[in-house]
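First the structure, in the form of structure tokens, and then the observations on it.
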Amino acid sequence: MRHPPVRHIAAALALAVASVSLCAQDKPAAPTFEPSGTVHVPAFDLPPSTFISKEALEAQMMRARMPGGAPSSSGDIGSIRKGLEAMLAPQVSGMLKQYPVDVVDQTIEGIPTRIVTPKDKPYDRKHVLINLHGGGFTMCADACAMLESVPIASLGGYKVVTVNYRMAPEATHPAGVEDVATVYRELLKSYKAKNIGIYGCSAGGALTAEAAAWLPAHGLPQPGAIGIFGAGGVRFGAGDSAWIAAYIDGSFPPPARSGGTQSDITRGYFSNTDMSDPIISPALHPDVIAKFPPTLIITGTRAMDMSPAIYTNSQLLKAGVRSTLIVGEGMGHCFIYQSQLPEARDAYQVIVGFFRENLK
């Protein structure tokens, strides 16, 4: 048996040593752990996911050319609301072109609403959906309501009643959920509870969870199904995702550190309120969440609401409630607002199918 020359062995060893040296140089810094469980995470570069669509990648690349940061909670609320509506107007216009609907303003028991139905085609007369818009319990009563209602009404052939519930700083909890209950109670005169669905994104998703806790506590039947999007049945700013999303997405700041002051984007909507209250955080209360109807939860891997969504799904399943969790890969908070994304269009189909299956 012939052995390789010594010089070849030496060369191989040198190459191996060089490779190990290079690997050592390229090896990223490891996280360190404190006895308290706090992890010190070293800085790292997060590339775009290989599983996102081309359109989602382009949207992420656009962010490099746009200013970031958390939604402002300071300044005149009227100006902030107008500014947000103006910023989202092109997105709403594009949504309306893509998904034609008829929109009619209607006051229901003193609560302003909009009735959204498919344009130039018949719609489902047996079922109705209630939409609760996002906007941090302070704004976006027009644009967010349209971005959430239009595709579902058009694709699903549904009548969607989007509720302009009371918000801060003019009102505080439980004003919003009271308004939802008022509209729901009136719709019960024309629809059976099992024929009504409720859904919303961000603040509207949280408000949907509140409604599912509030209604049976006030002698009203549960709706046939609910959709909690961009939120969970627990307070915002809780769990791992509040920290992770703050540094990889940047739309919202991280939670306040011990002794620090947290910026309140709700402008005091929940002031003087226990955030672990069973209405505000029903997922913390097994007896409350066990009364929920079938629930669809949608979040994203880069969304600050992912932890509340995951926890709520787990608690629903533990309570024996049918729950479906959709987590958009590489997606941020309320990605369903971006109809140009295939991921958002896929979500619309899931939402329509979910209500079609669960509303009797």
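The table that follows gives values for the structure above.
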| read-out | value |
| --- | --- |
| Among the listed pairs Lys119/Lys159; Lys291/Lys318; Lys97/Lys121; Lys192/Lys360; Lys97/Lys126; Lys27/Lys54, those beyond 19 Å (Cα-Cα) | Lys97/Lys126; Lys27/Lys54 |
| Among [x] 30, 54, 15, 1; [y] 28, 53, 12, 6, 1; [z] 23, 44, 28, 4, 0, the entry that matches P(r) over Cα pairs in 20 Å bins from 0, in percent as calculated here | [y] |
| For the chain, built as a Gaussian network whose Cα springs stay under 10 Å, the top-fluctuating residue of Pro31, Pro174, Pro255 | Pro31 |
| Charge dipole (the range 297-353, unit charges on Cβ, about Cα centre) - positive-most of Ile298, Val321, Ala309 | Val321 |
| Coil-residue trypsin sites (Lys or Arg not before Pro) of the range 216-310, DSSP, other Cβ within 10 Å capped at 14 | Arg257 |
| Cβ-placed point charges (K, R +1; D, E -1), dipole of the range 63-206 about Cα centre in debye, nearest 20 | 500 debye |
| Added length on full extension, which subtracts the Cα-Cα distance from 0.36 nm per residue, Ala30 to Ala290 | 89.5 nm |
| Gain in span if fully extended, Lys189 to Met275, counting 0.36 nm per residue against the direct Cα distance | 27.7 nm |
| Spatial separation of Cα centroids for the range 219-294 and the range 112-136, in angstrom | 25 Å |
| Proximal aspartates and glutamates to Lys194, defined as alpha-carbon separation beneath 16 angstrom and excluding residues fewer than eight positions away on the same chain | Asp124, Glu186, Glu357 |
| Cα-based Rg and Dmax for the range 68-169, where Dmax is the largest Cα-Cα distance (Å) | 14.4, 44 |
| Span-rule helices in the chain, defined as complete DSSP H runs reaching 27 Å or more along the axis (Cα) with Kyte mean at least 1.0 | 6-26 |
| Unit charges on C-beta of K, R, D, E only; dipole of the chain, Debye | 900 debye |
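We did not get these values from a lab; they are worked out from the coordinates using the rules stated. Computed from a prediction, not measured in an experiment: that's the story for all the values here. For neighbour counting, all protein chains shown are included, and Cβ atoms are generated from backbone atoms with ideal geometry for every residue, glycine included.
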